[in-house]
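Before any comments, here is the structure.
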Amino acid sequence: MLTAPQLLYCGGETVLPPQLLSDIRLDGILSPQALCFLQKPCGGDEILRRQELFGLVEDEKVLGRLKICLSNLLKLERSLMLWHSEKVPLNSYYLYSDVLSDYVNVCESLSAFEDCGQSLSEVSEYFLSDERRRFFSEIKTDLGRISELLGKINSGLLSFSSKNWITPDRGAVIESDKIASVAQKLGFTVPVRKKSDTKPDITFSDAVCRLYFAEIGEIGSIFRKYASVDFNEPTGYIPQIRFILEIYELTRKAEKIGVPHCIAEISPVPGYFAADVYDISLMAKECERIIPNDVDFTETNRFFFLTGANGGGKTTYLRAVGINLVLFLAGCPVFAKRASIYRFDFAASHFPKDERFDGVGRLDEELRRSFGMLSASENKTAFLLFNETFSGTDERRGFELVKNISENIRAAGHFCLYVTHFHEVINLDFPVLISEVCPEDGNRRTFKIVRSKSAVASYAYDILRKYRLDKDSLTERRKNRENKSAQFKSDRHKVN
Amino acid sequence: MKISLLSLKVTGTKLTNKDAPDGNYIDMGGNVNSIDRKVLYHLSVDRSFSYVCADVKKRESFLSVISELTCDKNEIEYRQDIIRDFQKNPGSFERLAALYERFEELRLSQKALRKNEYLLNANKADTAFASKNILQAQAVCLKRALLFVKKFGELLSVCNLRSAGLINFSSACREICENPEFQNLLGFCGRYEQFSVNDFLDFKFSLNEHGHIEEYALIDHGYIYVSDPELKKKGLPFFKKSEVNYRCERVFPGKNDFYEGLLITALSDISGLFASLSEQIFDKFSAVYRELEFYFVALKYIEALVQKNIPYCFPEITADRNVKVKSLYDLYLLMSTDNPGKIIPNDFCLSDSYNSVIVYGDNGSGKTSFLRSVGTMQILGQAGLPVPCECAKICLYSQIASQFSEAEKEFCGGNEAGRFEQETRELAALADELSDGAFLLLNETFQSTAYEEGAQGLYNILEYFSDCNIRCVLVTHLRELEKMSDKDKCLLLYIENGHVIIKM
């Protein structure tokens, strides 16, 4: 038989530093398994295959089928694990029957993706081959017979006196049913009996197998037919489907708080443009409203400093840029209205340790790490993110270091967003972004990242009004009450 | 149906398996609005009844009932009739209460038994021996609960009952005890009361789709048919005669806990069923235990009025919003004095058209006592209790609320609002909460700001409440309100030396 095709190929050689994913707080909203996929940007045309796949998942039918697949795969994986570890023969028969049944279900669900894009169709075709179909049909016939045989051995009576016996059941009525019947006639409600789920021990299994030896023998001979089949093969899809669904769930969760997503265009020239890009890591804080910003890195404007007030959303902007870049490189949708991003070879970040709350000192470590980033990016088109790097020393020295590293980055041709509180960067020969209060946002203290253009009522009445008990407010209350009452009457009329 | 001597609207149509509440709270079951405890505090209802009944638990239980305001005329009359029945049969009330004390003890012991069983289970410390003991105890408990029901029925059947509540209670008991299956169920209880693990132990088992044991239950030994091949070989006569060869195999249990675990499951199955049946009996009948506490305090209250030679009556409920009360006493003054003769009763008449009452009077003239008597009368009347007056016709209100200036006592550190703001905040909350047909008692509201501003603000609020069909009684010194009020909708009263004078 052929080898099963993959849904997500990870052909690229580049591996993003794990620190990047934790700096931009993707670890707060995605599982470690999903981060493994994000850490490996797509190679070759895989980015297009994945974008197609994520686009298809938006279709409820495809999504539903994928969920069914995952559920069946997990069931198969569990059955296989249980069967491998089972030592009681009676249980082993039941578990093997589960494995066969789950295997057929998995293969059928995986073959339900004809005409669903390149990746899914390849998988579907593999499981729809004639050879496979014949095989599944044979298993199904055998499963029918096994179920019949198991049905014959699933009950009996046990008697404990001087000798202990097991015999088939001939219609015995249990004591609690007799009591329940009397109680019901008296008007009591009889609780539903809880079913136990006790695994038989070896002596019980042995007794049942001896009592029903003919049936057990036939089941064993059916199972021997499938001794050479690798039932584990489809379980390789589990992490892949999980990743797809996890990203999909993330987009749905974001949608609920008004954050849009899109499939970014692949920019043919180095650059990063995104309109209304969001930092979705804020969702981990149960944030109900996230302020979007625009990103516009071009071949000519590869480097930006970002400065502004404390709490002005600088780090949020940095994370928004980083998160969406990483998602794009893994072929996932990005959280922006629209975006066009170049397939960067590499991305890395430098966030100060204190922002990760482990409170260790930093200048030496910062120097080592930031120049390490530069050497890791050598001969690549990289996107680098710096957050308050070199703020752990005096202002003069810190600014010098910032100046120095920014010159190095520019010379290497990398793209970079550098967040700093050194306002003197405005005087350097680099474009600068600043965070300023959003004027359209009423009284809320929200900030927008923009390109910098230059170098930088009587006492009683008041209280009554505050509690909506002044004359005007009371008139309004009266109207609301009347409306509610009218609405209630109309609803009641409709119901009647 | 749950048996309730307080509420007509009880939950469930069949016996249900739910624990009765343990605290002082009583489940009123139906459509009721709670009166804030602050209202009882403002009207000194809690203090009044502390003179009537010294037992804190019973008093709290009583207060919890009266603070659940019922707006159902039938329910009020239902309670009035029960009080009258208990007045006529004081001996039966005492015997029923005593019986219920023991019934409640049984309920609590059954609950403790359940808890023990749960703990044994949770700690995985249950043994076949412990399970057998629990089974026996649950069987005894169910048997006793059934016999209690029988006794309740017997006790009530000898009284000459007129009230629907007690007649229903009696019939519900008889319905169970006169059913032929009652004796059968007692028979099962008796059998498992004597259960021993040394007798024959026979079980039926079935396996689920995973080959696990999903059912393992006790059966009668009569279902076991075994042809012992070993005995057959020995040529015992019994097997020589037998025509049928039963399929059977020996079981060789090892020295592990597997079969003991199964035995525990089988025993718990039956003890759980017994427990459920007991709990259904408790659920159906145990609410009456706390309800009897209400009637206990009610009877004591009537007794106190009789002792003080104060007239009382069960108020007649009017369909409109007219109120007519003759010689109404303030309950707190009555209960707190040894000389009730000095207390001046007042008449209170309010026609349908009035939505507000403003009461003026000098300091110490009895304004607050008057307000208290009106509020207390309304609460007692809607609870089905008699009222201290010669005769009364009252209407029903959907809610009863109050705002008393005494609330300033609650000012404490961290509350930066002044008294005026505090009162405004409370009124705003009332404006949000109160619905059509509510009754609001206001005592010296808005007197902590400039009188003119306060009066204007209060006038607007009273007008709003009036438009929303919320009836207010306000005690105040703000004379500016008199000029602003519409005399067709607002009744103005003046109190002088405890006597109410209607102002024209």
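Every number here is computed from the coordinates shown, using simple stated rules; none is lab data. Given the structure is predicted, the values throughout are model-derived calculations rather than measurements. Here the Cβ positions follow ideal geometry from the backbone for every residue, glycine too, while neighbour counts run over all protein chains shown.
Once you average over the residues of A:162-171, how many Cβ atoms of partner chains fall within 10 Å of each Cβ?
That works out to 6 on average.
Starting from the Cα gyration tensor of chain A, multiply each eigenvalue by 5, take the square root, and state the resulting semi-axes largest first in whole Å.
The answer is 59, 38, 22 Å, longest axis first.
Which whole number gives the average count of other chain Cβ atoms within 10 Å of the Cβ atoms across peptide B:151-157?
Mean partner shielding for this stretch: 0.
Using modelled backbone amide H atoms (1.01 Å from N, in-plane), which distant-in-sequence or interchain residues come within less than 5 Å of B:L441's amide H?
Under 5 Å from the amide H of B:L441: B:A401, B:S402, B:Q403, B:V473.
Which value, in debye to the nearest 20, describes the size of the charge dipole of the protein assembly as shown about its Cα centre when Lys and Arg Cβ atoms bear +1, Asp and Glu Cβ atoms bear -1, and nothing else is charged?
That gives a dipole near 2480 debye.
Report the antiparallel proportion of the DSSP beta bridges in the protein assembly as shown as a percent, rounded to a multiple of 5.
Restricted to the protein assembly as shown, the bridges split so that about 50 percent are antiparallel.
Using only the alpha-carbon atoms, how far is helix B:128-157 inclined from the longest principal axis of chain B? Give it as 0 to 90 degrees, nearest 10.
With both axes taken from Cα atoms, the answer is about 50 degrees.
If amide H atoms are built 1.01 Å from N in the plane of the peptide, which residues on other chains or at least 5 residues away come under 5 Å of the amide H of A:G156?
Placed amide hydrogens put A:D169, B:F205 under 5 Å from A:G156.
Sequence gap of 8 or more, or different chains, plus Cα separation below 26 Å: how many lysine pairs satisfy both in region B:310-502?
Count of close lysine pairs: 19.
So how far apart, in nm, are the two label points at B:R84 and B:D257 if each is 7 Å from Cα heading toward Cβ?
Taking the simple label geometry, B:R84 and B:D257 are separated by 6.4 nm.
Share of Cα-Cα pairs in chain B beyond 40 Å, in percent?
43 percent
Return the average number of partner chain Cβ atoms within 10 angstrom of each residue Cβ along peptide A:177-185.
Averaged over the peptide's residues, the number is 6.
Under the √(5λ) rule applied to the eigenvalues of the Cα gyration tensor, what semi-axes describe the equivalent ellipsoid of region B:310-502? Give them in Å, descending.
That gives 27, 19, 17 Å for the three semi-axes.
With unit charges on the beta carbons (Lys and Arg positive, Asp and Glu negative) and the dipole taken about the Cα centre of region A:187-237, which residue among A:P200, A:Y212, A:T189 sits farthest to the positive side?
About the Cα centre, the residue reaching furthest to the positive side is A:T189.
Determine the principal axes of the Cα atoms in region A:42-166, then give the extent along each, sorted from largest to smallest and rounded to whole angstroms.
That gives 75, 28, 26 Å along the principal axes, largest extent first.
Compute the FRET efficiency between B:E482 and B:C349 as 1/(1 + (r/R0)^6), taking r as their Cβ-Cβ distance and R0 = 25 Å, and round to the nearest 0.05.
So, using R0 = 25 Å, E works out to roughly 0.80.
Rank by packing, highest mean first: peptides A:413-421, A:128-136, B:203-211, A:267-275, with packing defined as the count of other Cβ atoms within 10 Å averaged across residues.
Ranked from most to least packed, the peptides come out as A:413-421, B:203-211, A:267-275, A:128-136.
Stick to Cα atoms and the Kirkwood definition of Rh, then tell me Rg/Rh for region B:291-389.
Result for region B:291-389 is an Rg/Rh of 0.98.
Between the helical axis of B:287-307 and the dominant principal axis of chain B, each derived from Cα atoms, what acute angle in degrees is found, rounded to the nearest 10?
40 degrees
Placing unit charges on C-beta atoms (Lys and Arg positive, Asp and Glu negative, everything else neutral), compute the dipole magnitude of region A:96-151 about its Cα centre in debye, rounded to 20.
Dipole magnitude for region A:96-151 comes out near 180 debye.
Identify all aspartates and glutamates with a Cα-Cα distance to B:K204 below 18 Å; exclude those on the same chain that are fewer than 8 residues away in sequence.
Cα-Cα hits under 18 Å: A:D169, A:E175, A:D177, A:D197, A:D201, A:D206, B:E214, B:E215, B:D220, B:E249, B:E260, B:D269.
Quick one: helix B:419-433 against the long Cα principal axis of chain B, what's the angle to the nearest 10°, folded into 0 to 90?
For helix B:419-433, the angle is close to 60 degrees.
Quickly estimate the mean residue ellipticity at 222 nm for the protein assembly as shown, helices only: each DSSP H run with n ≥ 4 gives -39500 (n - 2.57), and the total goes over all residues, rounded to 500.
Per the formula, -16000 deg cm²/dmol.
So what J values fall out for region A:246-252 if you push phi through Karplus, 6.51 cos²θ - 1.76 cosθ + 1.60 with θ = phi - 60°, rounded to Hz, Gly and Pro as x?
5, 5, 4, 4, 5, 5, 5
Sort B:L185, B:L440 by Cβ crowding within 10 Å, fewest neighbours at the top.
Ranked by crowding around the Cβ, least crowded first: B:L185, B:L440.
Quickly rank B:217-224, B:394-401 as a protection proxy: mean count of other C-beta atoms within 10 Å, highest first.
Ranking, from highest mean packing down: B:394-401, B:217-224.
List the residues, sorted by chain then number, that are 5 or more residues from B:C313 or on another chain and whose placed amide H is less than 5 Å from its amide H.
Distant-sequence amide H within range of B:C313: B:V387, B:C389.
Please list, or write none, the aspartates and glutamates whose alpha carbon is within less than 17 Å of the alpha carbon of B:K308, excluding same-chain residues fewer than 8 places away.
B:D330, B:D338, B:E390
Can you tell me the alpha carbon radius of gyration of the protein assembly as shown divided by the globular rule-of-thumb value 2.2 N^0.38 Å?
Here the Cα radius of gyration is 1.34 times the empirical estimate.
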